[in-house]
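First the structure, which I've put down as structure tokens, then a few questions once you've had a look.
The values are calculated or read from the model by the stated rules, or taken from the named source; none is laboratory data. In this text, all values refer to a predicted model and were calculated from it rather than measured experimentally. No Cβ is skipped: glycine too gets one built from the backbone with ideal geometry, and neighbour counts run over all protein chains shown.
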Amino acid sequence: MSAIIIDGKKVAEAVKSGLRERIRLLAEKKIIPNLTVILVGEDPASRVYVSMKEKACDQLGLLSETVQLPDSVTQEALLNAIQELNRDASVHGILVQMPLPGHIDSRRVIETIDPKKDVDGFHPVNVGKLVAGTPSFVPCTPAGILELLTHYGYVPDGKHVVIVGRSNIVGKPLANLLIQKSATGNATVTVCHTHTKDLAVYTRQADILVAAAGRPKTITGEMVREGVVVIDVGMNRVDDPSAKRGYRLAGDVDFEPVSRKAAAITPVPGGVGPMTIVMLMKNTVQAAENLSKI
Ligand code: GUN
């Protein structure tokens, strides 16, 4: 079997088209959605993500601002910067790029963001709403994964979805979405993580397998069954002397052998990544609509 390659760029373009009308309606009311990103330090991968967000905002005509703070920023100064953005009525979405330096308490940072501007969906109020089945802002990567599956007709209802990874950004919110009684839910969900014994026992049972472990080749060819749908959330830099930068991007899935058995698979890059960004745009538009009572 040769897998269908799930094209995240194409689906992201379709979502963007749907957003343009909403952005136009806001513009009629003189509102341009504004996403402000706080970037702490000089982490090269974070810089790349932030510039991709800026580019996506530009393409859609959204305002994007980046507040760059030094690695040495104090917790207090960072919290003050967030509170200032909370008060600023021209800012609709606030995103603090993770990871943060070790001396910063990420939990306090997330809890300081106004839940109405929390376009990442990381604030406990938004996490709680998601778990309770009344989601407000849904974290972008899980929302993007559901959009990809739906677009390609891989409806999770009744399927066994196995998620490898239990992060607050991907694994946990995705599991919560998939068990909801909803059009994109009704799945049977298994969440595996670093303490799972014999991972392959679970991954082989998956109808839909989501790899979000943050480690290359976490999923090998022997670990999947024929006909599985594979979503690779990994975004790892692996050394590659033949590449221009000396590294290349690799997912968590050993692509070649797994794609020979899978019915469909997302590539890295070009799979989940573009979806995460476009869902952030969608959340920013939603924040602008909510804050302006549209
Ligand atoms: N770092 C990696 N993924 C994310 C994300 O979705 N949001 C934020 N704020 N930081 C990240």
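Kindly provide the set of residues from the range 215-226 that are touching a residue at least 40 places away in the same chain (Cβ under 8 Å) and either surrounded by fewer than 15 Cβ atoms within 10 Å (Cβ to Cβ) or closer than 13 Å to ALA262 by Cα (or both), ordered by number.
ILE219, GLY221, GLU226
Further question: With respect to GLU65, determine if the residue is within 16 Å of the ligand (Cβ to nearest atom) and either within 21 Å of LEU19 (Cβ to Cβ) or in contact (Cβ under 8 Å) with a residue 60 or more places away in the chain (or both).
Criteria met by GLU65.
Can I ask one more? For the range 204-232, how many residues are charged (D, E, K, R) and touching an Asp or Glu at 6+ places or on another chain (Cβ under 8 Å)?
3
All but one of (1) closer than 25 Å to PRO44 by Cβ; (2) touching a Gly at 6+ places or on another chain (Cβ under 9 Å); (3) in contact (Cβ under 8 Å) with a residue 40 or more places away in the chain; (4) of a type outside the set (Ser, Thr, Tyr) hold for LEU148; state the number of the condition that does not hold.
Looking at each condition in turn, LEU148 falls short on (1).
Let me ask another. Which is within 16 Å of the ligand (Cβ to nearest atom), free of Cβ contacts under 8 Å to residues at least 60 places away in the same chain and small (Gly, Ala, Ser), of GLY41, GLY102?
On inspection, the qualifying residue turns out to be GLY102.
Could I ask something else about it? Is it the case that the range 270-293 has a residue that's surrounded by fewer than 20 Cβ atoms within 10 Å (Cβ to Cβ), under 27 Å from HIS123 (Cβ atoms) and modelled with pLDDT under 95?
yes
Of all the strands (runs of 3 or more DSSP E) wholly in the range 179-294, which have at least 1 residues that are within 19 Å of ALA3 (Cβ to Cβ) and over 16 Å from the mean Cα position of the chain (by Cα)?
208-211, 229-232, 247-250
So in the range 81-99, with the set limited to residues that are away from the ligand (no atom under 15 Å from the Cβ) and among the small types (Gly, Ala, Ser), which one is farthest from THR66 (Cα to Cα)?
To start, the set of residues in the range 81-99 that are away from the ligand (no atom under 15 Å from the Cβ) comprises 83-84, 86-92.
If we keep only those that are among the small types (Gly, Ala, Ser) too, we end up with 89-90.
Values: ALA89: 16, SER90: 14 Å.
The selected residue is ALA89.
Can you say whether VAL138 is within 13 Å of the ligand (Cβ to nearest atom) and buried (at least 23 other Cβ atoms within 10 Å of the Cβ), as far as the supplied structure shows?
yes
Just one of the numbered conditions (1) within 16 Å of the ligand (Cβ to nearest atom); (2) in contact (Cβ under 8 Å) with a residue 40 or more places away in the chain; (3) surrounded by 23 or more Cβ atoms within 10 Å (Cβ to Cβ) is not true of ARG237; which one?
(3)
Name the one entry in GLU13, GLU54, GLU65 that is over 19 Å from the mean Cα position of the chain (by Cα) and on the phi < 0 side of the Ramachandran plot.
The conditions single out GLU65.
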